[in-house]
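The block underneath contains the structure these notes are about, expressed in structure tokens.
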Amino acid sequence: MTTTGPYRLARRLAPAALSDPRLLRLAAQAIEGAARFGYVARALVFLSIGAIAILTALGVTPRAKGAVEAMEAWGAWPPGVALLWLTGLGLYAFAGWRALQSIFDADRLGRTPRAVAERAGKGLSGLVYAGLAISVFGILDAIEDLREADDQASTEAAIRAVLAFPGGDVAVIAGGGVIVAAGVANVVRACRSHFTRDLECGSGRAALAGSLARIGYAARGCVMAGAGLLTVIAGLEARASAAGG
């Protein structure tokens, strides 16, 4: 992000009567700060999931956990509640930034079909992270009760409910296909996108950031494709237990 983008957004969002450059500059700084805070919160979620996955592979923890369960694990750690508060607020900030990207075109993508599709994807991403933020605050409200909840069990229950409807297996297969497609799209983006084009840093840092971005998008794509495939299998076999968390 650059300073011009948030300033332009502040001018668009501010009431017509508000034209004081100092106030607009403060609003722009608030927008940029919230966006940065949101990206940090999202990174904490992914780092938590990755750390738990590594510990599972090493045999330290019994099984891998999802995003909500990773947040629950923080509750057993003394600073965990404070981290949950910060992460929940940060995820709301990230969802807000995604809304600005989607609705107000913060990235100046334009209105071409490809740009509209990308903006819509960012809007959906914002809804997902807003939902995760709600889950984080739900954990804060009843962390002891939610420790007993199992993410995979809730996934199975949801799929079982869909399978109970006429044509439910087709709906589950279609939903899984969408998730697989989203995963493949992430892998394709990892191979084709220019992640460093808008970065303001040296070539060395840009190269490192681009490599990390490619690895991250490829990993996320593989995870999504795998989850989608399990959902498709659940629909084909009409067994909710075939779906993973």
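The values are calculated or read from the model by the stated rules, or taken from the named source; none is laboratory data. Here the structure is a predicted model, which is why all the values come from computation and not from measurement. Backbone-built Cβ (ideal geometry, glycine too); neighbour counts: all protein chains shown. The protein model used for the area step is the full one, side chains on, heavy atoms only, and it has no ligands, DNA or RNA in it. Shrake-Rupley method; radii C 1.70, N 1.55, O 1.52, S 1.80 Å.
Quick check on region 5-19. Is at least one of its residues open to solvent by less than 70 Å² (accessible area, probe 1.4 Å), within 21 Å of Gly126 (Cα to Cα), at pLDDT 70 or above and not aliphatic (A, V, I, L, M)?
No, region 5-19 contains no residue that is open to solvent by less than 70 Å² (accessible area, probe 1.4 Å), within 21 Å of Gly126 (Cα to Cα), at pLDDT 70 or above and not aliphatic (A, V, I, L, M).
Would you check which residues across region 185-216 are closer than 30 Å to Glu237 by Cα and in contact with a helix residue (DSSP H, G or I) (Cβ under 6 Å, 6 or more places away or on another chain) and list them?
Filtering region 185-216 for residues closer than 30 Å to Glu237 by Cα gives 185-188.
Correct list: Asn186, Val187.
Which ones in region 106-138 are surrounded by 14 or more Cβ atoms within 10 Å (Cβ to Cβ) and either hydroxyl-bearing (Ser, Thr, Tyr) or in contact with a Cys (Cβ under 9 Å, 6 or more places away or on another chain) (or both)?
Ser125, Tyr129, Ser135
For every residue, the table says whether it meets (1) within 12 Å of Tyr129 (Cβ to Cβ); (2) open to solvent by less than 30 Å² (accessible area, probe 1.4 Å); (3) at pLDDT below 75.
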| residue | (1), (2), (3) |
| --- | --- |
| Arg25 | no, no, no |
| Gly33 | no, no, no |
| Tyr39 | yes, no, no |
| Ile49 | no, no, yes |
| Ala57 | no, no, yes |
| Val60 | no, no, yes |
| Ala73 | no, no, yes |
| Leu83 | no, no, no |
| Arg98 | yes, yes, no |
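Which ones in region 180-230 are outside any helix (DSSP H, G or I) and hydrophobic (A, V, I, L, M, F, W, C)?
Keep residues of region 180-230 that are outside any helix (DSSP H, G or I), which gives 193-202.
Within region 180-230, Phe195, Leu199, Cys201 meet the criteria.
Does Ala185 fit the bill of being modelled with pLDDT of 80 or more and open to solvent by 40 Å² or more (accessible area, probe 1.4 Å)? Show your work before the answer.
On the way: modelled with pLDDT of 80 or more: yes; open to solvent by 40 Å² or more (accessible area, probe 1.4 Å): yes.
Yes, satisfied.
Sort out which residues of region 102-122 are assigned to a helix (DSSP H, G or I) and either more than 16 Å from Ala34 (Cβ to Cβ) or free of Cβ contacts under 8 Å to residues at least 24 places away in the same chain (or both), and write them in order of number.
Quick first cut of region 102-122, residues assigned to a helix (DSSP H, G or I) only: 102-103, 113-122.
Passing the criteria: Ile103, Pro113, Arg114, Ala115, Val116, Ala117, Glu118, Arg119, Ala120, Gly121.
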